[in-house]
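What follows is calculated from the coordinates using simple rules that are stated; it is not laboratory data. All values reported here derive from a predicted model rather than from experimental measurement. Positions of Cβ are backbone-derived with ideal geometry, glycine not excepted, and every protein chain shown enters the neighbour counts.
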Amino acid sequence: MNPTYKPADVEAAAQGKWAAADAYRVIEDANKKKYYACSMLPYPSGKLHMGHVRNYTINDMLTRYLRMNGYNVLMPMGWDAFGLPAENAALKNGVPPHAWTMNNIADMKSQLKAIGLAIDWSREVTTCQPDYYKWNQWLFLKMLEKGIAYRKTQVVNWDPVDQTVLANEQVVDGKGWRTGAPVERREIPGYYLKISDYAPELLEFTQNKLPGWPERVRLMQENWIGKSEGVRFAFTHDIKDASGNLIQDGRMYVFTTRADTIMGVTFCAVAPEHPLAAFAASTNRKVADFIEECKAGGTTEAELATQEKKGVPTGLTVTHPITDEQIPVWVGNYVLMSYGDGAVMGVPAHDERDFAFANKYNIDIVQVVLVEDEPHFDYHRWQDWYGDKTRGITINSDNFSGMRHEEAVRAVAHALEQKGLGGLQTTWRLRDWGVSRQRYWGTPIPIIHCAEHGAVPVPEKDLPVVLPTDCVPDGSGNPLNKHEGFHAGVTCPVCGAPARRETDTMDTFVDSSWYFMRYCDPKNEGAMVADGAKYWMPMDQYIGGIEHAILHLLYARFWTKVMRDLGLVDIDEPFERLLTQGMVLNHIYFTRNAKGGKDYHPPLEVTAKLDDQGHIVGGTLADGTVVEYGGVGKMGKSERNGVDPQDLIEKYGADTARLYTMFTAPPEATLEWNDAAVEGSFRFLRRVWNFGLVVKDLPAATGAAPAYGKAAKALRHEVHTVLRQVDYDYQRMQYNTVVSGAMKLLNALEAFKPADDGDVAALREGFGILLRCLYPVTPHIGCELWQMLGYDALEGTLLDAPWPKVDEAALARDEVELMLQINGKLRGSVLVPATASKEEIEAMVLASEAFAKHAEGAKPKRVIVVPGRLVNVVV
């Protein structure tokens, strides 16, 4: 045994043994309790960051602990390998995304192995490989058959120079991120999945059947699904198109949750893509120009919510369904065609957005709700109570005046229903999922376009439609459009005529919506999922960042329900429990450049400057350059405040990196990086190693039942007390207190000086318990010390050694320490037998040296015994 703790040697030896034994391969075993613990799969960017280390160490600790407790535990890993970053890298480096991605996977896999994770690599999944995305295509075709997938036009961001669709994050100030060209909004055909059909079930399960999820995540999902109960109704009109037909049958529909304010409508606004807007644009140049201007805006609700609200009058009017008044129609840049019917009723007095719009364009404002005990209505300054539906009473509303919100809504809905113009309706914020992407690096959509038969599904026998791996995007649009091999020989499955493949690829959220299912049956060529999924699913514990709390989790839940309805799985929800680990933060330092921008500097290169309270207020570089302090933020490349896990492992070892990330903060909390604390974690492991040398030199166990003396019993009491707490902390995944418990154990063991065989036995037992408590977080040093000290001869390898059980007998004390008080003041303590009666305790206390010393000859008048705690003598 090396007298010096050398992490590189220890970890290489341990990992070599694990690899030789194929220690983490897992098979289905009906005789064992199963537990499926999975971390969200990483994007193969080429380098791990400390967030990865933290996420996967949490999973690893859970896996190792449960395995020691007899569970059959699955911890798989894969790669979310499609996506835009690979295309951007191809543009920059001239390397095909496939080559770039596979090289990155190889690099990151070696980094993951260096951390020492208990991953079953036989189940590795790579989403850009045909054996995986074949099943994306297969299920897409099944959804197409069932009507869950369908084709319609969609509004997208279009870069006219690159001739490609841009993701929202690629649009910067209305311009393409690469070309700088003004981005247009275009309508093009694409495929959608009817997640909206599952909205009621998704909401019900969110509210009632996800007890193992964090409340804030469930609330985020609930808000995103967005159930709204209100009234959908029509404003009628006689506007006809060029063919003389009524546009939309003479009805412009809107949905509102505030039907009680219907008498306050003074305008309506439609989306730029609405048929009425298009009709107005055909004869009104201002409307046409405004619609063109809107094409340069964003396409998401979030963008529309933050941009300036603009509009233009169309010159058209629609008829109010109650008063028959003519209501002017505007085109508004804040109205989404994809949301509801693409039109909204404008009630400026009781909607903040409408209020601002009306004041900007001098549109009438009519108050129709009164909130008592509030200031007088102000037509030029918005006050929150204007929109209060909980306290308001309708006014200026004819027959609907004097009603509370719910009564007024019902009355208005009834009146509209009587006229055949609308009624009560439940709507959902959740929109159908558009899965078409006009990009190269993704799953090809399995459709063939025929001049005669249109969009035709690829026959199942011809799957997968393989994505070419030799394309290098050059910024001139989707390279699949020009790839002869991709289109060569394609014929229509219906008529056999020459045809053309679909060049759109699937949203990469498709890949991550079911990968956890594929882990269960990763090599099955004949089925998407099979017996493995029946054994392992639902997943028992899912671990990942809060940034995935909405879309990824929602899509995964939807995908699972579709698979259930198609008979592939028999579960309703994929994840029993969810843990969202906190981010890893670090200090941010920067200098200002000539253009006024920020140039960031790694914290390791900065000597921090502190104020009188010890707070960082700035710093200096090695050459004396003064830097500004930007506070603490998420580790990232742009701020250059990341810590390379590989550097950390090379300097201190993987066990130190794991220990630090677990000890510093609870898993759900943010972790603020501290280099000094990293060094402290390393010193602790060095102490563990050094104490292992002490234990190694102890006399060998005799095999006979040890006779524990007073000191040994005290040690065992402390060890098993800490063990009980550590076991509880493992069960609740509070791994920071697990580590602090291990530190308490080491302190107790180091302070103990064995004098006889019983003491030696207690010390060896205590160190064995310490190694098992530490093993899930620091498996390398744990396994090596376990074997070197001979514990494996009794318990087997630490990989499969049973979790230590608390010895209740060790917790029973022969003696208890009672605090001694005289006239209520603490005067020391007295040891008494644990089984002593009240009378015996009184006698021993009055005969003790501590009482004699502090009573100073005074006679006791009364003795009060509080069992297990104290004795108070009144003199």
Roughly how tilted is helix 757-774, in degrees to the nearest 10 and between 0 and 90, from the longest Cα axis of the chain?
-> 10 degrees
Projected onto the charge dipole of the range 272-396 (+1 at Lys/Arg Cβ, -1 at Asp/Glu Cβ, origin at the Cα centre), which of 362, 318, 279 gives the Cα projection farthest towards the positive end?
-> 279
Estimated FRET transfer efficiency when R0 is 41 angstrom, pair residue 490-residue 634 (beta carbons, to 0.05) = 0.35
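Any idea what diffusion coefficient the range 227-428 gets from Stokes-Einstein, in µm²/s, Kirkwood Rh on alpha carbon pairs, 25 °C, 0.890 mPa s? Show your work: numbers first, answer last.
Numbers: Rh = 17.4 Å.
Taking Rh from Cα pairs, D becomes 141 µm²/s.
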The range 691-811 - percent relative contact order, Cα under 8 Å, separation 6 or more = 32 percent
Arrange the peptides 719-731, 351-363 so that the one whose residues have, on average, the most other Cβ atoms within 10 Å appears first.
-> 719-731, 351-363
What percent does the relative contact order of the chain come to when contacts are Cα pairs within less than 8 Å and at least six residues apart?
-> 13 percent
FRET efficiency (residue 524, residue 856; Cβ distance; R0 56 Å; to 0.05) is 0.05
Ordered by residue, what ³J(HN,Hα) values in Hz, to whole numbers, does the range 53-68 give under the Karplus form 6.51 cos²θ - 1.76 cosθ + 1.60, where θ = phi - 60° and Gly and Pro are x?
-> 4, 5, 4, 6, 5, 4, 4, 5, 4, 4, 4, 5, 4, 5, 4, 5
Residue among 551, 39, 622 farthest towards the positive dipole end of the chain, charges placed on Cβ = 622
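Using the structure shown, list the pairs from 310/595; 92/482; 286/360; 175/310; 295/637 with a Cα-Cα distance above 22 Å, or answer none. Before the final figure, lay out each step's value.
Values: 310/595 33 Å; 92/482 20 Å; 286/360 17 Å; 175/310 19 Å; 295/637 33 Å.
Beyond 22 Å between Cα atoms: 310/595; 295/637.
In the calculated pair distance distribution of the range 691-811, what percentage of Cα-Cα distances lie above 20 Å?
Working: 2883 of 7260 pairs.
Percent of Cα pairs beyond 20 Å in the range 691-811: 40.
Mean projection of the alpha-carbon convex hull of the range 184-265 over all orientations, in nm²?
Working: hull surface 40.1 nm².
Averaged projected area of the range 184-265's Cα convex hull equals 10.0 nm².
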Would you list which lysines come within 24 Å of residue 17, measuring only between C-alpha atoms, while excluding same-chain residues fewer than 8 positions from it?
-> 6, 109, 113, 651, 696
Apply the Debye scattering formula to the range 611-746, with a single equal point scatterer on each alpha-carbon and no solvent, then give log10 I(q)/I(0) at q = 0.21 Å⁻¹.
-> -1.38
Tell me, what is the percent relative contact order of the range 45-183, built from C-alpha pairs under 8 Å that lie six or more residues apart?
-> 22 percent
Rounded to the nearest 20 Debye, what is the dipole magnitude of the range 227-428 about its Cα centre when Lys and Arg each give +1 and Asp and Glu each give -1 at the C-beta?
-> 360 debye
Taking Cα centroids, how far is the range 779-842 from the range 547-585 in Å?
-> 44 Å
Which of 148, 180, 161 sits farthest toward the positive end of the charge dipole of the range 139-215, with +1 on the Cβ of Lys and Arg and -1 on the Cβ of Asp and Glu?
-> 148
Among the lysines, select those whose C-alpha is under 29 Å from the C-alpha of residue 419, and discard any that sit fewer than 8 residues away in the same chain.
-> 227, 240, 389
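When each pair of different Cα atoms in the range 815-874 is counted once in the 1/r mean, what is the Kirkwood radius in angstroms, to one decimal? Intermediate values should be presented prior to the final figure.
Details: mean 1/r = 0.0897 Å⁻¹.
Computed over Cα pairs of the range 815-874, the Kirkwood hydrodynamic radius comes out at 11.2 Å.
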Would you mind pulling out the separation of the Cα centroids of the range 320-375 and the range 689-735, in Å?
-> 73 Å
What whole number of Å gives the distance from the Cα centroid of the range 141-186 to the Cα centroid of the range 469-539?
-> 20 Å
Highest average packing first - 44-57, 453-466, Cβ atoms within 10 Å | 44-57, 453-466
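In square nanometres, what is one fourth of the surface area of the convex hull spanned by the alpha carbons of the range 523-649? Walk me through the intermediate numbers first.
Numbers: hull surface 54.5 nm².
Approximately 13.6 nm², given one-decimal rounding.
For residue 151 and residue 610, FRET efficiency with R0 = 56 Å and r from the beta-carbon atoms, rounded to 0.05?
Numbers: r = 62 Å, r/R0 = 1.11.
So, using R0 = 56 Å, E works out to roughly 0.35.
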State, to one decimal in nm, how far the label point of residue 843 lies from the label point of residue 242, with both points 7 Å from Cα in the Cβ direction.
-> 11.4 nm
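If one computes P(r) from the Cα atoms of the range 494-594, what percent of pairs lie at distances over 18 Å? Mind showing how you got there, number by number?
Details: 3080 of 5050 pairs.
Counting pairs separated by more than 18 Å, the tail of P(r) holds 61 percent.
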From largest to smallest, what semi-axes in whole angstrom does the chain give when each is the square root of 5 times an eigenvalue of its alpha carbon gyration tensor?
-> 62, 38, 27
Note down the magnitude of the dipole of the chain about its Cα centre, charges +1 on Lys and Arg C-beta and -1 on Asp and Glu C-beta and zero elsewhere, to the nearest 20 debye.
-> 1160 debye
In degrees, nearest 10, range 0 to 90: what is the angle between the Cα axis of helix 215-225 and the longest Cα principal axis of the chain?
-> 10 degrees
Roughly how tilted is helix 405-418, in degrees to the nearest 10 and between 0 and 90, from the longest Cα axis of the chain?
-> 40 degrees
Ranked packing of 577-586, 816-825, most packed first, by mean Cβ within 10 Å = 577-586, 816-825
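Ratio of alpha-carbon Rg to the 2.2 N^0.38 Å globular estimate for the range 416-484, to two decimals, please. Show your work: numbers first, answer last.
Values: Rg = 20.4 Å, N = 69, 2.2 N^0.38 = 11.0 Å.
Dividing the Cα radius of gyration by 2.2 N^0.38 Å gives 1.86.
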May I ask you to list the aspartates and glutamates whose Cα is less than 19 Å away from that of residue 713, ignoring any residue fewer than eight positions away on the same chain?
-> 750, 756, 757, 759, 765, 807, 808, 814, 815, 817
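Given +1 on the Cβ of Lys and Arg, -1 on the Cβ of Asp and Glu, and no further charges, what dipole in debye does the range 815-874 carry about its Cα centre, rounded to the nearest 20? Walk me through the numbers on the way to the answer.
On the way: 8 positive and 7 negative charges, 71 e Å.
For this selection, approximately 340 debye.
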Cβ-defined net charge surrounding residue 549, 14 Å radius [Lys, Arg +1; Asp, Glu -1] = -1
What does the charge add up to near residue 833, with Lys and Arg as +1, Asp and Glu as -1, over the other residues with Cβ less than 14 Å from its Cβ?
-> -2
